[in-house]
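Here the structure comes first, spelled out in structure tokens, and everything after it is commentary.
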Amino acid sequence: MRTKLAVFLVAAGGALPLFGSDAWATPAANVTDYAIVARDIVPAGEYQSIPTGSTLPAIEQQAQMYNALTPAFNDVTPTDVTNDFKAEPINVADAPGPVTQESVPHAGVTIYRDAYDVPYIYGTTYDDLTWAAGWVEAEDQGLLLEEARYIGTIAAVDAPGLSAVNLIGSLASFTPTAQTRREVSTQTGALLAAGAEGRSVLHDLHVYLDGINGYLAAHNDALSIYSHVAPFTLIDIYAFNAVKDQFVGEGGGNQAANSEFLAALERRLGAKRGRAVWNDLREAYDPAAPASVPGHVQLQPRPVSTTGNVLLDPGSMSARARAALATVSRYRGHASNELMVSGARSSTHHPIMVAGPQIGYFYPGFTTEIVLNGPGVHQRGVTSAPFPGYIFIGRSQYQAWTLTSAGLDQIDTYVETLCGHSTHRYLFDGRCRAMQFFDAGKLTAGGKTSEVTFWRTVHGPVFGYARLHGRLVALTHKRASYGKDVLDLLFYHQLAHGLVHNVHQFFKAANLTPQTFNSFYMDDRNIGVFTSGLVPIQPSNVDPDLPINGTGREEWRGFVSFRNHPHGMNPPSGEIINWNNRPEAGYEAPDDNWSLGAIQRVDLLIDDLGHGGDLTPARVVSAMNEAATQDVREVLLEPVLSKVLHGGRAPSARDAEMLALLDAWWRQGGSRLDRTSADGLGQITAPGAAIMDTAFPLLAKAWGSAVLGPRLEAQLASFVSIYDQPDNGTGTGGQYTGWHIWMYKDLRTILGEKVRGKFAVRYCGAGSLRRCRALLWAAVTEAGDELAAAQGPNPAEWRSSAAAEAITFIPGILNYTMRYTNRPTGIQQVLSFHGHPRGDG
């Protein structure tokens, strides 16, 4: 139960306590906070309870602030930063009031809540902090914990074709078998194998579980929603870690679809030309692709041959295999963005960070904001169910850290040769072996209940079948982080226990996680990035883009070393900007990522920030906020498309007007905002949005038609979307992928412009500018006919719906709608520091 302890008046100098019998006394001396600016926003808020009429204003408060910033576009003021981000102090004495104290039945723990319900935890010992973090997690995230704990085991055992995040968001339920629980429990062994630090993590997990279960026990009465809840165990924590890994911490595994496409290309175009098209569209090493820091790194040497690979027969994958790959593609997030600038470019003369994770708009949210003050620990930020009170996005009084998804290639597809006249026996190391049958448990989703079962080989789960030279083969996935999801905690253990004092130590700590992320660090002098992940080294005769022969001769040869992971600090440009692009050039794009080309959505952040100095926190926020509603096709591709079309006569006056409206929208910044309605949920103001939305799929198909033809285009679109629609809540999408990336390079080449890394094949009009222009104009005409039929003959009156891409919270417990924006959701921080404690940094 939370009881009021004091009321604070917010003044210019901070929060001042009212005098009275309940006047608040600081439980410990305030620590020195070196922040120049420290603000954040968590749109799902802290309350995380079932909304009622009386609680809605408090629950929606941060969502309303988050939504209020969006229409400022590229003109965010210091006042906007103050109003639309809440204060992020370390000391409770500086907390926005009123402040209340929570009654906690644990000696050595004091918990205060500020006006946003953020808990400020004070502990006499570090274990006190960890116990209290478990208590708060159960209190603030009880709904999510109970919903996700068992579903998370689906991710931990890699059950094919299922996304744990999707199942959690759709309020499914799962009952794991004893076999599943035994499998997940083996992660304790992975921690013990990590030595003293692993044992320390295990200790923290037990204390954390005591806090969670302590809260449940204290509220376990006949009328409580916790009366039926079983105590949480290590297995539940391991499962939560697996959900994080599956959603945003993995990459690769699309080799089967790649193989079918390559085989189809070679069948239609011939081996040489088919392979050339494949190499173009893969964008494996595009030299023009944006990178966050300078330098060149190679995860491993390029293959000397492909004798260890196989090419599946075109169109031979089973429906189950296709569905499994589609689920992975749909629900694997390429999410989160960050902007950091150095002191040389900053008005504070110290680095500035604006960053956070994009993990969808869920309520309850996946993150919990906490403040920890104890022996040697003074930190604030968000934690989550997998973390025993560790801050995985946040700050201390002089450092900050955040992350974006990296998606390094961790998952490989092995092709198993069947034997013994059975679909459940396979050849490995010269022996015909039996697959293992795995019964994961009972799933109830969408009103249907089914048993989740699958077969496994030495490489991993069988996700489907295909044919190789006419013979049936099994397809399996091998994941480098399998059974090791919990080792992600080794990284955050070092941060939580105050073992990281500078950027170099941060890099070493980040390298401990098997999950693949770009982790960013900032203090008062340095900015840096390290890309983590357990990345397997392939034999020299294996192309990681294609399926691998599973007979035992092409197994992994270890893992990429620390020095070969992308990393960098304090670049000469004075900026580190990332929106899931490469942090450093040189290494091959993961096999499931065909979008690391010459233009990417990160270019919006780079262009909007500009290259000048004297950048204020508000200016950096402006760059983020502008990019968050821009249409990436319009801003980056449209000028090139316009140049091609303007080179010839428009088929009609209407088509010419359509192009003029696209040009006008580009000059206006290409924002997808409704600037007319008060709530921003009407129609996108610019008619160019309607034209682009309708025309682009037609333009993309026209662009590739001369070389690919409709069948190959349809096959390509099945795993590289023509356009990645704006994300309206799930954490997927968000304009990350799209054919505009290929079109940009090809059209510029056909125009005769200087292009780095030209494609080997000319696509639009097979290289003829005149034919290309005619095909594109025909697509514009078709789009115009479609829009005229739906909205009338005047292009200036055509509109796309802003409401259609408005953001709602999944799964619908919180009924609040926000304008479309593509910005961090788990937490977004605005930070800058002016110093650090003596002996640190």
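The values are calculated or read from the model by the stated rules, or taken from the named source; none is laboratory data. As the structure is a prediction and not an experimental result, all values here were calculated from the model. Here the Cβ is made from the backbone with ideal geometry for all residues, glycine too, and neighbour counts use every protein chain on show. Only protein heavy atoms, including side chains, enter the accessible area calculation; ligands, DNA and RNA are left aside. Shrake-Rupley method; radii C 1.70, N 1.55, O 1.52, S 1.80 Å.
Give me the net charge of Ile576's neighbourhood, meaning all other residues with Cβ under 12 Å from the Cβ of Ile576; Lys, Arg count +1, Asp, Glu -1.
Around Ile576, the charge tally is -2.
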Original post:
Just going by the charge dipole of the range 733-811, with Lys and Arg at +1 and Asp and Glu at -1 on Cβ, which of Ala779, Ile810, His740 is farthest out on the positive end?
Top reply: His740
**OP:** Provide the gained length on full extension for the span Asn220 to Arg330, in nm with one decimal, where the gain is 0.36 nm per separating residue minus the Cα-Cα distance.
**Re:** 35.7 nm
Original post:
What dipole magnitude, in Debye to the nearest 20, does the range 624-766 give about its Cα centre under +1 on Lys/Arg Cβ and -1 on Asp/Glu Cβ?
Top reply: 720 debye
Subject >> Computed [θ] at 222 nm, helices only, for the chain once each DSSP H run of length n ≥ 4 contributes -39500 (n - 2.57) >> reply: -10000 deg cm²/dmol
Subject >> Alpha carbon centroid spacing (whole Å) that separates the range 330-389 from the range 437-507 >> reply: 25 Å
Original post:
If you take the beta carbon distance between Thr124 and Gln505 as r and set R0 to 25 Å, what does 1/(1 + (r/R0)^6) give as a FRET efficiency, to the nearest 0.05?
Top reply: 0.40
Subject >> Estimated FRET transfer efficiency when R0 is 25 angstrom, pair Ser185-His424 (beta carbons, to 0.05) >> reply: 0.45
Subject >> the chain: relative contact order as a whole-number percent, Cα under 8 Å and 6+ apart >> reply: 18 percent
Original post:
Assigning unit charges at the beta carbon (Lys, Arg +1; Asp, Glu -1) and nothing else, what dipole magnitude in debye, to the nearest 20, does the range 446-592 show about its Cα centre?
Top reply: 500 debye
**OP:** With the convex hull built on the Cα atoms of the chain, state its orientation-averaged projected area in nm².
**Re:** 34.9 nm²
Subject >> Listed residue (Gly460, Ile393, Gly360) projecting farthest to the positive dipole end of the chain, Cβ model >> reply: Gly460
Subject >> Net lengthening on full extension, Leu143/Glu782 (0.36 nm per residue, minus Cα-Cα) >> reply: 225.1 nm
Subject >> Dipole magnitude of the range 388-455 about its Cα centre (Cβ charges: Lys, Arg +1; Asp, Glu -1), debye to nearest 20 >> reply: 180 debye
Original post:
Roughly speaking, to the nearest percent, how much of the range 571-675's 1.4 Å accessible area is carbon and sulfur?
Top reply: 54 percent
Subject >> Gyration tensor (alpha-carbon) shape descriptor, the range 216-367, a/c threshold 1.5 >> reply: oblate
Subject >> Which of Gly134, Pro160, Gly123, positive extreme of dipole for the range 69-171 (C-beta unit charges) >> reply: Pro160
Original post:
Tell me, what is the per residue accessible area of the range 37-126 in Å², probe radius 1.4 Å?
Top reply: 33 Å²
**OP:** Provide, as a two-decimal number, the C-alpha radius of gyration of the range 243-318 over 2.2 N^0.38 Å, N being how many residues it has.
**Re:** 1.36
Original post:
Which percent of the accessible area of the range 169-213 is formed by carbon and sulfur heavy atoms (probe 1.4 angstrom)?
Top reply: 57 percent
Original post:
Tally Lys and Arg at +1 and Asp and Glu at -1 over the other residues with C-beta under 10 Å from the C-beta of Ser292: what net charge comes out?
Top reply: -2
Subject >> Whole-number accessible area per residue in Å² for the range 727-841, which is evaluated in the context of all protein chains at 1.4 Å >> reply: 38 Å²
**OP:** Assuming 1.002 mPa s and 20 °C, estimate D for the range 584-667 with Stokes-Einstein, Rh taken as the Kirkwood radius over Cα pairs, in µm²/s.
**Re:** 138 µm²/s
Original post:
When ligands, DNA and RNA are left out and all protein chains stay put, how many square angstrom of accessible area per residue does the range 244-304 have with a 1.4 Å probe?
Top reply: 38 Å²
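For the chain: lysine pairs with Cα atoms under 15 Å, gap of 8 or more or different chains, count?
5
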Subject >> Carbon/sulfur fraction of accessible area - the range 316-376, other protein chains in place, 1.4 Å, % >> reply: 59 percent
Original post:
Over the Cα atoms of the range 431-552, what Rg and Dmax result, in angstrom?
Top reply: 20.5, 62
Original post:
Once you list every other residue whose beta carbon is under 9 Å from the beta carbon of Gln683, what net charge do they have if Lys and Arg are +1 and Asp and Glu are -1?
Top reply: 0
**OP:** Determine ³J(HN,Hα), in whole Hz, for all residues of the range 284-289 in sequence, where each value follows from phi through the Karplus function 6.51 cos²θ - 1.76 cosθ + 1.60 and θ = phi - 60°; x replaces Gly and Pro.
**Re:** 5, 9, 4, x, 8, 5
